[in-house]
1. State, as an integer percentage, the relative contact order of chain C based on alpha-carbon contacts under 8 Å between residues 6 or more apart.
2. Averaged over its residues, how many other protein chain Cβ atoms are within 10 Å of peptide C:67-75's Cβ atoms?
3. Hey, any idea what Rg/Rh is for the stretch C:12-100, computing Rh the Kirkwood way over Cα pairs?
4. With n ≥ 4 as the cut-off for DSSP H runs, can you work out [θ] at 222 nm for chain A, using -39500 (n - 2.57) per run divided by the number of residues, rounded to the nearest 500?
5. In sequence order, what are the phi-derived ³J(HN,Hα) couplings for the stretch D:127-144 according to the Karplus relation 6.51 cos²θ - 1.76 cosθ + 1.60 with θ = phi - 60°, rounded to whole Hz, with x for glycine and proline?
6. Residues of C:133-140, mean number of Cβ from any other protein chain within 10 Å of their own Cβ, rounded to a whole number?
7. Which ³J(HN,Hα) values, rounded to whole Hz and listed in residue order, are derived for the stretch A:78-85 from phi using the Karplus coefficients 6.51, -1.76 and 1.60 in 6.51 cos²θ - 1.76 cosθ + 1.60 with θ = phi - 60°, glycine and proline given as x?
8. Suppose we look only past 16 Å in the calculated P(r) of the stretch D:48-154. What percent of the Cα-Cα pairs does that tail hold?
Protein chains: 4
Amino acid sequence: MRRPGLQIAVVGDARGDEILADRAEGVGRAIARAGAVLLCGGGGGVMTAAARGASEAGGLVVGILPGTDADGSPPNAHVELPIFTGMGQARNLVLVLSAAAVVAVGGGWGTLSEIALALKHGIPVVTLGSWKLDRPDGAPEPRLIAASSPEDAVRRALEAARGGILEQRRETRE
Amino acid sequence: MRRPGLQIAVVGDARGDEILADRAEGVGRAIARAGAVLLCGGGGGVMTAAARGASEAGGLVVGILPGTDADGSPPNAHVELPIFTGMGQARNLVLVLSAAAVVAVGGGWGTLSEIALALKHGIPVVTLGSWKLDRPDGAPEPRLIAASSPEDAVRRALEAARGGILEQRRETRE
Amino acid sequence: MRRPGLQIAVVGDARGDEILADRAEGVGRAIARAGAVLLCGGGGGVMTAAARGASEAGGLVVGILPGTDADGSPPNAHVELPIFTGMGQARNLVLVLSAAAVVAVGGGWGTLSEIALALKHGIPVVTLGSWKLDRPDGAPEPRLIAASSPEDAVRRALEAARGGILEQRRETRE
Amino acid sequence: MRRPGLQIAVVGDARGDEILADRAEGVGRAIARAGAVLLCGGGGGVMTAAARGASEAGGLVVGILPGTDADGSPPNAHVELPIFTGMGQARNLVLVLSAAAVVAVGGGWGTLSEIALALKHGIPVVTLGSWKLDRPDGAPEPRLIAASSPEDAVRRALEAARGGILEQRRETRE
């Protein structure tokens with residue numbers, strides 16, 4: 001089996017209306033078409049829609065789940081590779097750390113924790129109709145990027161992910 | 001030893017200027033004077049200032065640390081009871097879940113993750129010169145409360161914590 | 001409030017017969033009498049018995065719980081300071097890392113995971129009617145110590161904990 | 001991409017002699033030939049050998065790593081899908097919960113914690129030259145199975161994994 005390629009996480013609410021679901025599905029599709037692996041929380045709402053988009057476009061879908069097994073945390077139908085953490089919302093950290101970039105579609109407090117944990121670790125976050133955030137100290141955050149469409153979001157996420165990798169390599173060399 | 005009482009978490013940046021440190025120390029002092037236990041991340045900046053405030057006022061200070069031991073995660077000088085999680089930023093979840101309410105003073109992405117994780121679990125958060133947050137879906141969040149001073153912050157946190165406990169008890173009875 | 005002193009964890013089964021409970025209660029009592037803080041998993045069986053022993057002897061009892069709150073993970077009646085991890089059995093790691101030494105009384109697979117995680121991190125473990133373990137590679141493990149009574153177990157745990165601290169200090173100085 | 005199939009974890013020491021490495025490589029190869037996905041800790045020793053065996057036989061290798069990124073926790077060369085937990089040894093829990101069965105080859109305290117955490121959650125464990133364990137209470141453990149060769153280990157792991165799935169289904173139906 002070939003190396004599955006860049007890993008991109010999609011985060012968003014387990015509930016979510018049709019507009020959000022359409023966007024998330026578009027994001028999932030674009031991730032798969034780019035040859036990247038989709039990571040998600042494995043649950044419903046935005047997570048299901050993104051997973052469906054990726055899966056139907058032939059991509060690999062990894063679900064990072066909060067429960068200890070499929071009884072407690074049933075993965076949605078499009079998750080091919082379920083990772084059961086047994087750690088509830090601490091799984092949010094595992095999800096973002098395993099991604100080269102994160103795309104946030106809509107979302108509540110769980111999604112906000114994922115955005116924050118990603119940026120805390122220097123992982124770029126692309127938002128699509130999601131949280132707008134201004135640091136209390138006014139510091140700019142170049143790794144937090146707003147997108148205008150699902151395709152734009154994935155394009156920017158891949159760019160940031162590759163930038164991150166290039167940047168990291170440069171640092172390692174010096 | 002008597003029951004240590006309500007547990008209140010103070011979260012905020014490991015760095016942080018003098019204004020923030022003064023506020024955090026005031027918050028710690030007010031928590032101890034109210035007979036509550038201070039929980040914090042155990043590190044520097046806001047965490048040290050809050051811990052000093054509580055400790056000097058005779059309160060118990062618990063530090064929930066990211067590392068596996070004192071070599072990797074030295075607790076600040078005011079932590080009496082260090083809890084080493086060995087789980088990095090996943091300790092943010094442990095910190096907020098163990099609190100009846102959270103007070104956020106200033107803060108960066110780690111602090112934002114703590115605010116978000118607390119609200120995700122229904123734990124009230126009082127902010128003092130910290131993140132201003134509007135949900136993308138426009139839903140109100142009655143558990144997110146802005147305060148005007150350290151004393152006001154702790155008064156509101158205790159009120160919210162007791163309200164939560166009363167509310168919880170009511171639910172349990174029905 | 002004065003510094004609570006050395007932290008000793010007691011681990012063992014949530015179920016457990018009267019003989020185990022008597023031993024665990026004796027261990028808890030001896031920990032409190034030595035001025036140390038008792039850490040436990042906060043649940044039933046050995047955890048309740050150890051907590052009761054420490055609490056009745058005037059000691060501070062910290063419970064490191066698996067659930068996100070008291071509804072999901074009710075602390076036993078002797079826990080004064082509950083830490084909710086929300087991470088299920090990953091809390092076993094938090095429990096042992098926060099201790100200067102671990103005392104294991106009886107126990108099943110969860111207890112074995114705590115013994116193993118402690119030794120993995122170089123934290124001494126004293127067993128009392130618990131697992132007997134021989135490494136597959138035949139290597140000796142000086143930090144795994146068998147005790148003959150509750151008092152003997154706590155004496156050895158304190159010795160090992162202080163030894164560890166002395167040893168660590170010596171290393172730091174050189 | 002097709003559904004990757006059953007997930008089997010291989011656990012064992014990061015160090016480990018040639019005999020262990022040969023066995024682990026055989027286990028990895030047999031897992032891949034059976035069409036299953038190999039999960040491992042992503043590091044050296046037994047983990048590298050098992051991953052190489054699976055990868056050379058065309059299987060998918062998932063690494064569940066302790067660090068926050070590839071700098072802190074470099075995945076071995078055969079890991080195609082790295083999951084960074086940022087939670088140190090708490091990743092042992094994620095590793096075993098994500099597997100339908102665990103194969104333990106040799107191993108130290110970390111491996112023992114994985115065996116114990118798996119059995120705590122009812123996940124079958126097949127041992128190959130690894131820990132021999134007798135519960136202090138003398139209770140039998142039908143899910144702990146000793147194997148005589150790499151091929152035998154994987155055959156028994158798959159059998160136990162499928163048995164577990166069948167058994168679970170039966171429970172769900174009733």
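Bear in mind that the values in this text are calculations on the coordinates, not laboratory data. Being a predicted model, the structure only gives us computed values, none of them experimental. Cβ placement follows ideal geometry from the backbone for every residue including glycine, while neighbour counts extend to all protein chains displayed.
1. Details: 391 pairs, mean separation 36.7, N = 174.
Normalised by residue count, the contact order of chain C is 21 percent.
2. 3
3. 0.95
4. -13000 deg cm²/dmol
5. Karplus-based 3J(HN,Hα) across the stretch D:127-144 equals 9, 9, x, 10, 4, 9, 10, 10, 4, x, 8, x, 5, x, 10, x, 8, 9 Hz.
6. Numbers: counts 6, 3, 7, 15, 9, 0, 1, 0.
Per residue, the number of nearby Cβ atoms from other chains is 5 on average.
7. Using θ = phi - 60°, the values come out as 9, 7, 8, 10, x, 10, 8, 8 Hz.
8. Working: 3555 of 5671 pairs.
So the pairs more than 16 Å apart make up 63 percent of the total in the stretch D:48-154.
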